[in-house]
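Trainee: Take this structure first; my questions come after.
The values are calculated or read from the model by the stated rules, or taken from the named source; none is laboratory data. Computed from a predicted structure; not experimentally measured. So basically every Cβ, Gly included, is an ideal-geometry build from the backbone, and we count neighbours across all protein chains shown. Just the protein is used for accessible areas: all its heavy atoms, side chains included, with ligands, DNA and RNA removed. Shrake-Rupley method; radii C 1.70, N 1.55, O 1.52, S 1.80 Å.
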Amino acid sequence: MKNSITIMLLLFAVTFSSAQMRKWTLQECVEYAVENNLTVEQFELDLENAKIDKSDAVGNLLPSLNGNASGSSNTGFSINPTNNLPTNRTANNVNISATSSITLFDGLRNINQLNRAKMNAIANQYRLDNLKDDIRLNVANAYLQVVSNKEQLKTFRAQYAVTEQDLKRTKELVESGVLPRGDLLEIEATAANQEQQIINGESLVLISRVNLAQLLQITDYENFDIAEEEFEIPPSDILKNSPKVIFDKALGFRNDIKFSESNVELAEQDLKIAKGAYLPTLSAFFQYGTRYSDVTQIPDGNGIPYTPSLVDQLWIFDGISYGAQLNIPIFNGWSTRNNVMRSKIGLEKAKLQFKQDKLDLENTIQQAYVDVGTFEKAYQAAEKTLEARRLSYEYAKERYDVGLMNAFDFSQAQARVENAQADVIRTKYDYIFRLKILEFYFGIPISLN
């Protein structure tokens, strides 16, 4: 029994530890952020409302049907509802009716409202999809920032490990009288500076992890981390396309542009609806009704008055009515005219916003295109600089090992290598992200594989 309990506890501990140590990939982060973002959930509710509005618009085209039933009891003087004669006794009455009405013509406003509702549902879908696009970009940027900071931290730790070896050897040389004590102090200062870099690097990793977790709306920051992945510069032919080609393609699928264009179409429908108020409205109705009263008397076959039963009266006194109503607007205090003018202004604003959104997209793509080229060159230059700094450091190390260079100059050579390594890491991930942005505008999904 004890062995079974021990095994169960160990299994639970392993399972719990695995859950705590989960490492998130970029794809997992993106999918989780899209599925759990609060703003996405709000936009999804707006989309559901738009679908309900569409159902309302369809319902406005259909006939209405309403039933009505009432009962009353009168004591004293009253009018008999069946023969309109006065009576002075207690009377119990029942009235039942069903009415149906339909709008035959209202200036096409019902049809335009239905078209608007359909467009609004589509526009809300575009708005939701555009938000998801923004989330994917933000998560990718935050994820790459964590990766970049982690690589920086690895570099700092590796540099510190080398310095520890130099420090150990320098101590031996100082103790043997080969090197002056000042060289040891210089190496110790370099080691202390690198320890500070490691502390700062750990802080940057933590901050970037928290920022990514907040985008995913995860509050367990301590147990949140990303998968240990190293990303290389992905092959891409995106720069073979001109900014104009990328822009033209982006116009066809970008959800923010589709949403802006949908707003123009919605404004056009609003104008049609407003103008419809100038036209007459024609509606029709049909009503079926019947009634019962216990004071009703009618002659039988022999001419003797009697009170029919409830069922008999409902069939005897039933009837129908039908008709049509025409409403012609003549003057309404300029409200219709003003609504039309407001709709025209709204349409012009929507058109201007659509133009502005296309212009903003074109400028963004132009900037992204330039950024890709700029950061690619910056990364290539950083790699060349690092290679040169490494060769210089190796030469300095050889001279330092044989006593031809003092510790201060050697530390400077080492610091230049460290700075070059940091520049390579920074420019590498800056270039990857700018490349992914430009590909994203070309319709290529975000992926670092």
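Trainee: If packing is taken as the average count of other Cβ atoms within 10 Å, what order do 296-307, 265-276 fall into, highest mean first?
Mentor: Working: 296-307: 10.6, 265-276: 20.0.
Most protected by this proxy first, the peptides run 265-276, 296-307.
Trainee: Could you give the dipole magnitude of region 76-208 about its Cα centre, charging the beta-carbon of Lys and Arg +1 and that of Asp and Glu -1, in debye to the nearest 20?
Mentor: About 1280 debye.
Trainee: Once neighbouring chains are kept in place and the probe is 1.4 Å, which whole percent of the accessible area of region 62-200 is contributed by carbon and sulfur?
Mentor: 53
Trainee: Beta carbons within 10 angstrom, averaged per residue: use that to sort the peptides 430-440, 330-340, highest first.
Mentor: Working: 430-440: 21.4, 330-340: 11.6.
Top to bottom by mean Cβ count within 10 Å: 430-440, 330-340.
Trainee: What's the ranking of 133-140, 31-38 by average number of surrounding C-beta atoms within 10 Å, highest first?
Mentor: 133-140, 31-38
Trainee: Could you derive backbone 3J(HN,Hα) for region 167-174 from the dihedral phi with the Karplus parameters 6.51, -1.76 and 1.60 (θ = phi - 60°), listing whole Hz in sequence and x where the residue is Gly or Pro?
Mentor: Coupling constants for region 167-174: 5, 5, 5, 5, 4, 5, 5, 5 Hz.
Trainee: If each residue of separation counts as 0.36 nm, what is the full-extension length gain between Ser242 and Ile198 once their alpha-carbon separation is subtracted?
Mentor: Numbers: separation 44, 0.36 × 44 = 15.84 nm, distance 4.27 nm.
That pair, Ser242 and Ile198, stretches by 11.6 nm at full extension.
Trainee: In debye, nearest 20: dipole of region 329-449 around its Cα centre with unit charges on the Cβ of K, R (+) and D, E (-)?
Mentor: In debye, rounded to 20, region 329-449 gives about 920.
Trainee: Where a ≥ b ≥ c are the square roots of the eigenvalues of the C-alpha gyration tensor, would you call region 248-396 rounded, which needs a/c under 1.5, or, failing that, prolate if a/b is larger than b/c, or oblate?
Mentor: Since a/c reaches 1.5 and a/b is larger than b/c, the shape of region 248-396 is classed as prolate.
Trainee: A follow-up question, please. Could you size up the charge dipole of region 119-274 around its Cα centre, putting +1 on the beta carbon of Lys and Arg and -1 on that of Asp and Glu, and report it in debye to the nearest 20? Don't jump to the answer; show the numbers that get you there.
Mentor: On the way: 17 positive and 27 negative charges, 86 e Å.
Charge dipole of region 119-274: 420 debye, to the nearest 20.
Trainee: What distance in nm separates the two pseudo spin-label positions at Thr39 and Ala161, each 7 Å out from Cα along the beta-carbon direction?
Mentor: Each label point is offset 7 Å from its Cα along the Cβ direction, giving 4.2 nm.
Trainee: Here's something else I'd like to know. Which is farthest toward the positive dipole end of region 204-261 among Ile233, Val210, Phe253, measuring Cα position about the Cα centre, with Cβ charges +1 (Lys, Arg) and -1 (Asp, Glu)?
Mentor: Final value for the positive-end residue is Phe253.
Trainee: Could I ask something else about it? Decide, for region 88-158, between rounded, prolate and oblate: order the square roots of the alpha carbon gyration tensor eigenvalues as a ≥ b ≥ c, take rounded if a/c falls under 1.5, and otherwise choose prolate if a/b is larger than b/c, else oblate.
Mentor: Since a/c reaches 1.5 but b/c is at least a/b, the shape of region 88-158 is classed as oblate.
Trainee: Once neighbouring chains are kept in place and the probe is 1.4 Å, which whole percent of the accessible area of region 348-449 is contributed by carbon and sulfur? Don't skip to the end; give the middle numbers.
Mentor: Values: 2880 of 5600 Å².
That share works out to 51 percent.
Trainee: Once both labels are modelled 7 Å past Cα along the beta-carbon direction, what's the Ser321-Val370 spacing in nm?
Mentor: 7.6
Trainee: Per residue of region 384-393, what does 6.51 cos²θ - 1.76 cosθ + 1.60 with θ = phi - 60° give for ³J(HN,Hα)? Whole Hz please, x for Gly and Pro, Karplus curve as stated.
Mentor: Karplus values, whole Hz, x for Gly and Pro: 5, 4, 5, 4, 5, 5, 5, 4, 5, 5.
Trainee: Mind checking which of Ile328, Gln356, Tyr306 is farthest towards the positive end of region 272-429's charge dipole, using Cβ charges of +1 (Lys, Arg) and -1 (Asp, Glu) about the Cα centre?
Mentor: Value computed over the given set: Gln356.
Trainee: Report ³J(HN,Hα) in whole Hz for each residue of region 217-225, in order, from the Karplus equation J = 6.51 cos²θ - 1.76 cosθ + 1.60 where θ = phi - 60°; Gly and Pro get x.
Mentor: The phi angles translate into 6, 9, 9, 7, 5, 5, 9, 9, 7 Hz.
Trainee: Right, something else. Using only the Cα atoms of region 26-91, build the gyration tensor, take square roots of its eigenvalues as a ≥ b ≥ c, and label the shape rounded, prolate or oblate: rounded if a/c is under 1.5, else prolate if a/b is larger than b/c, else oblate.
Mentor: Here region 26-91 falls in the prolate category.
Trainee: In Å and on Cα atoms, what radius of gyration and Dmax does region 332-432 show?
Mentor: 29.5, 102
Trainee: Given a 1.4 Å probe, how much area per residue of the chain is accessible, in Å²?
Mentor: Ligands and nucleic acids excluded, the figure is 59 Å² per residue.
Trainee: Something else now. Using +1 at the Cβ of each Lys and Arg and -1 at the Cβ of each Asp and Glu in the chain, identify which of Ala142, Asn200, Trp315 lies farthest towards the dipole's positive end.
Mentor: Toward the positive end, the furthest listed residue is Trp315.
Trainee: Which FRET efficiency, nearest 0.05, do Ile330 and Val94 yield, Cβ-Cβ r, R0 56 Å?
Mentor: Working from the Cβ atoms, E equals 0.85.
Trainee: Moving on to the next point. Taking 31 Å as the cut-off for C-alpha to C-alpha distance, list the pairs among Lys118/Lys351; Lys118/Lys355; Lys132/Lys249; Lys171/Lys428 that go past it.
Mentor: Lys171/Lys428
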